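A short worksheet on the structure shown next.
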Amino acid sequence: MSESRPLSLRLLLAGLAAALALTALITALSRNDASAAATLPPTHAKFDYQIGGAYKPPSGVQVVTRDRTAAPAAGLYNICYVNAFQVQPGEQSQWDSDLLLRDAQGNVVIDEDWGEALLDIRTTAKQTRIAAKVNGWIDGCAAKGYQGIEPDNYDSYSRSKNLITTSQAKAYLKLLATHAHTKNLAIAQKNTVELAGSRQSVGLDFAVAEECGQYDECGDYTAAFGNNVIVIEYTDSGRKKACSGFGTRLSIVQRDVDVSVPGDSGYVRKTC
């Protein structure tokens, strides 16, 4: 059938096909370049979790996570913690009122464990406005010299009284991931193992998993992220399970729940 077409038409169709293939290739390469420019944390590295307060990393530590308000640790791989889906206690006034998630009675939905208001990411317009603020924090992390971003509370939909969907959480986080990559920053999936299978479509580079040893989830993270998984345990039993199964592959540390600093009575830091 194709042989009966005029030569000019066949040439035109061939040219269009080539143009479409080239466009697809350029798009794919640009996507890959955006994330390829980011440097991932070294795997199976000595790690310290310092979101409760910065202090001199213990000897041998190669990777550290600190709050976005802190300076990175010199000479190490630094991950910048941002509370991306919820509001830090005492900071509600820093957000437009309509960006706080509210229930049918108009009450702000609160994560009761930490006293944090949830952000309302149910519409594209609100996702964009919230991302603009959080991306400003990401810019600050980049300017300080951080190499990675840890956006917390990806799983806030599970505390939203069924008001937020997983699709909305993924769409919003994709905005942050895309922006982080423009700053050559790697970005983590924090917890939320049930969405690990969506890591590529969201644009996530590595995982930060709390208590995956305790709850037998470390294998689910490695299935999605390979060895690019950082594990934080809060109990001796969780650390021992994580170390037994993954101690030769992953970065694993045990911290106290308050993530306190050395000298505090509750300070805990143990490794494999």
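Mind checking the dipole of the chain: about its Cα centre, +1 per Lys or Arg Cβ, -1 per Asp or Glu Cβ, Debye to the nearest 20? In debye, rounded to 20, the chain gives about 900.
Keeping all protein chains in place and using 1.4 angstrom, which order do ASP205, ASP264 fall into by accessible surface area, from largest down?
ASP264, ASP205
In this simple spin-label model, placing a label point 7 Å from the Cα along the Cα-to-Cβ direction at both THR235 and ASP96 gives a separation of 4.3 nm. Dividing the summed helix terms, -39500 (n - 2.57) for each DSSP H run of n ≥ 4, by the number of residues in the chain produces a 222 nm estimate of -11000 deg cm²/dmol to the nearest 500.
Would you mind pulling out the separation of the Cα centroids of the stretch 48-116 and the stretch 233-272, in Å? Cα centroid of the stretch 48-116 versus Cα centroid of the stretch 233-272: 20 Å apart. Solvent-accessible surface of the chain, taken per residue with a 1.4 Å probe and all protein chains present: 48 Å².
Take each complete run of DSSP H in the chain, measure how far its Cα atoms stretch along the helix's own axis, and keep only those covering 18 Å or more with mean Kyte-Doolittle hydropathy at least 0.0; list them. Provide the component values of the computation, followed by the final result.
Values: long enough: 7-36 (42 Å, 1.28); 124-144 (29 Å, -0.24); 166-182 (24 Å, -0.19).
Span-like helices, by this rule, are 7-36.
Based only on Cα atoms, what mean projected area does the convex hull of the stretch 58-100 have, in nm²?
Numbers: hull surface 15.9 nm².
With every direction weighted equally, the projected area is 4.0 nm².
Dividing the mean sequence gap of close Cα pairs (under 8 Å, 6+ apart) by how many residues the chain holds gives a relative contact order of 18 percent. Suppose we keep just the DSSP beta bridges with both residues in the chain; what percent of those would be antiparallel, to 5? The antiparallel fraction comes to roughly 20 percent.
The values are calculated or read from the model by the stated rules, or taken from the named source; none is laboratory data. Quick caveat: nothing in here was measured; it's all calculated off a predicted structure. Here the Cβ is made from the backbone with ideal geometry for all residues, glycine too, and neighbour counts use every protein chain on show. These area figures cover heavy atoms from the full protein model, side chains too; ligands, DNA and RNA do not enter into them. Shrake-Rupley method; radii C 1.70, N 1.55, O 1.52, S 1.80 Å.
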